[in-house]
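Have a look at the structure below before the remarks.
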Amino acid sequence: MKVIVSKDYESLSKKAAVLVQSQLMWKPDSVLGLATGSTPVGLYQELIKLYQQGDIDFSEITSFNLDEYLGLPMDDQQSYYSFMRENLFDHINIREDHIHIPNGMAEDFKSECLNYESSISSHGGIDLQILGIGHNGHIGFNEPNVEFEAKTHIVSLDEETIEANKRFFDSIEDVPKKAISMGIKTIMKSKKIILMASGEGKADIISQLVKDDIKPDLPASVLHLHENVIILIDEAAASKL
């Protein structure tokens with residue numbers, strides 16, 4: 001696990017974008033695992049700039065998103081499908097049939113999870129996975145005490161996660177209580193992983209991640225077992241290291 005500290009969120013986002021750019025220069029048809037939430041927005045903005053400058057090409061990549069809320073249609077403003085379209089996909093040259101996001105409105109969620117997992121495998125797995133981290137240490141929507149052997153599955157969101165996500169909804173009652181998420185085992189099969197975190201609010205959990213042992217109540221701690229992980233943080237998030 002390599003920790004890289006940037007001065008601020010802007011420089012953090014630029015460094016992440018350079019790493020993605022390097023990945024695509026090395027392997028233009030890379031399979032990218034993408035994350036939602038506020039942290040990767042800066043990365044996506046930097047990638048859009050690189051694309052507009054002609055410095056990066058997304059025409060051959062395939063993307064798989066980490067997760068999606070259950071019960072939200074794709075066109076719902078708060079769905080992660082809408083998030084990805086608004087913040088990245090509508091602004092780059094990715095092929096529509098190369099975009100994969102779990103279907104939160106699937107008729108059979110068990111089949112949806114199995115099919116999503118199968119699709120990732122059929123593409124050779126994730127070459128580069130982007131992760132954020134929750135205040136409770138979750139990655140994807142894998143909440144504390146999740147099984148490390150879990151593949152793509154249905155998860156019940158912790159109260160802390162629901163509370164953190166209520167800012168995106170009209171009220172806390174509107175926040176979905178369940179989601180489809182890549183499992184820990186799926187994430188750990190990724191060839192490379194970049195975990196991003198910024199701000200003082202993430203300082204405690206980053207300190208725990210870097211310093212503590214592997215434990216189920218800190219899902220991100222399993223990343224210590226991965227051979228190619230970069231932790232990209234700003235000075236605020238690194239303040240308790």
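Since every read-out is calculated from the coordinates, none of them should be taken as a lab result. Predicted model only: the values in this text are computed from it and were never measured. Note: ideal-geometry Cβ built from the backbone for every residue, glycine included; neighbour counts use all protein chains shown.
Bridgeable aspartates and glutamates around K7 (alpha carbons under 17 Å apart, same-chain partners fewer than 8 residues away excluded): E46, E200, D234, E235. Taking a threshold of 25 Å on the Cα-Cα distance, which of the pairs K151/K178; K151/K240; K177/K240 fall above it? Flagged as over cut-off: K151/K240; K177/K240. Calculated [222 nm] ellipticity per residue, helices only, for the chain: -9000 deg cm²/dmol; basis is -39500 (n - 2.57) per DSSP H run with n ≥ 4, divided by all residues, nearest 500. What is the distance in Å between the Cα centroid of the stretch 123-189 and that of the stretch 202-241? After rounding, the separation between the Cα centres reads 16 Å. Dipole magnitude for the chain: about 840 debye, using +1 per Lys or Arg Cβ and -1 per Asp or Glu Cβ, origin at the Cα centre.
Amide H to amide H distances under 5 Å link G132 with G140, M196, where only residues 5 or more positions off or on other chains count and H is placed in the peptide plane. Legend: helices of the chain (whole DSSP H runs) are marked when their alpha-carbon atoms reach 24 angstrom or more along the helix axis and their mean Kyte-Doolittle hydropathy is at least 0.0; marked are 9-26. Ranking P176, S207, N115 by Cα position along the charge dipole of the chain, where only Lys, Arg, Asp and Glu carry charges on their C-beta atoms, puts S207 farthest toward the positive end.
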